[in-house]
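Read through the structure below, which is laid out as structure tokens, and then see the notes.
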Amino acid sequence: MPANEDDFDYESALLACARGEVFAFESLYRRESRWLGGVAYRILRDRALAEEALHDAFLQIWQKAHTFDRNLGSARGWIYTVVRHRALGMARGLGRETAAGDMAALSDIRGEPVQPNDGRDDAADIDKCLEDLPPERRESILLAFLDGYSHEEIARALKTPLGTVKSWIRRGLASLKECLS
């Protein structure tokens, strides 16, 4: 890991993993496992299952690092996506989903960082941009991207037509993109 953690190069670490460099893999794990475990836990709501999902996801990261394509997004985003998809796959495979009416499970993320602040104010910027969204757009985006709800599940949870939910998410993401640029 670089002396200054703010300069951690996720892309280089993934490329090193693709070459079989174990140190790079260990660095990624040490740097991100705590946060990624939180992502898996938010989806699975079970510590043991979240740990299993994290383990499986890191095996996949090691084995599939060569498939990372910088043209499709950031290396850090790719890593988070692997973990999120693994946790969602486990939840679906177990026939689990958060009860649509269980809004208590949707705790405020500002108290539980999903990603560490890596020296920039990304998390604060995202929080500010989310706060500026209309409540229904913000909630739809959080349900979709943090809790892994499908559009149909969000529509049921919010007792809103599916087309409206899709529109809220699409417009909310456009607003976030504009706010963060």
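The values are calculated or read from the model by the stated rules, or taken from the named source; none is laboratory data. These numbers come from a predicted model, not from an experiment. For neighbour counting, all protein chains shown are included, and Cβ atoms are generated from backbone atoms with ideal geometry for every residue, glycine included.
So the check is Cβ under 7 Å with 6+ separation or different chains; which pairs have a first residue in region 167-181 that's buried (at least 18 other Cβ atoms within 10 Å of the Cβ) and a second one that's modelled with pLDDT of 85 or more and outside any helix (DSSP H, G or I)?
Once the first residue is buried (at least 18 other Cβ atoms within 10 Å of the Cβ) and sits in region 167-181, its partners that are modelled with pLDDT of 85 or more and outside any helix (DSSP H, G or I) give Gly172/Leu133; Ser175/Leu133.
Can you tell me which residue is surrounded by the fewest Cβ atoms within 10 Å (Cβ to Cβ) among those in region 123-149 that are outside any helix (DSSP H, G or I) and at pLDDT 80 or above?
Pro134
For region 123-181, how many residues are farther than 25 Å from Val83 by Cβ and in contact with a Lys or Arg (Cβ under 6 Å, 6 or more places away or on another chain)?
Number satisfying all stated conditions: 1.
For residues that are of a type in the set (Asp, Glu) and without any contact (Cβ under 8 Å) to a residue 40 or more places away in the chain, scanning just region 23-47, find the one that is farthest from Phe145 (Cα to Cα).
Applying the filter and picking the extreme gives Glu26.
Within region 11-28, which residues are out of contact with any Leu (no Cβ under 6 Å at 6 or more places or on another chain) and buried (at least 18 other Cβ atoms within 10 Å of the Cβ)?
Leu14, Ala16, Cys17, Ala24, Phe25, Ser27, Leu28
With respect to Ala87, is the statement that it is over 26 Å from Ala144 (Cβ atoms), among the aliphatic types (A, V, I, L, M) and in contact (Cβ under 8 Å) with a residue 60 or more places away in the chain true?
Numbers: over 26 Å from Ala144 (Cβ atoms): no; among the aliphatic types (A, V, I, L, M): yes; in contact (Cβ under 8 Å) with a residue 60 or more places away in the chain: yes.
Considered against the rule, which asks whether it is over 26 Å from Ala144 (Cβ atoms), among the aliphatic types (A, V, I, L, M) and in contact (Cβ under 8 Å) with a residue 60 or more places away in the chain, Ala87 comes out as no.
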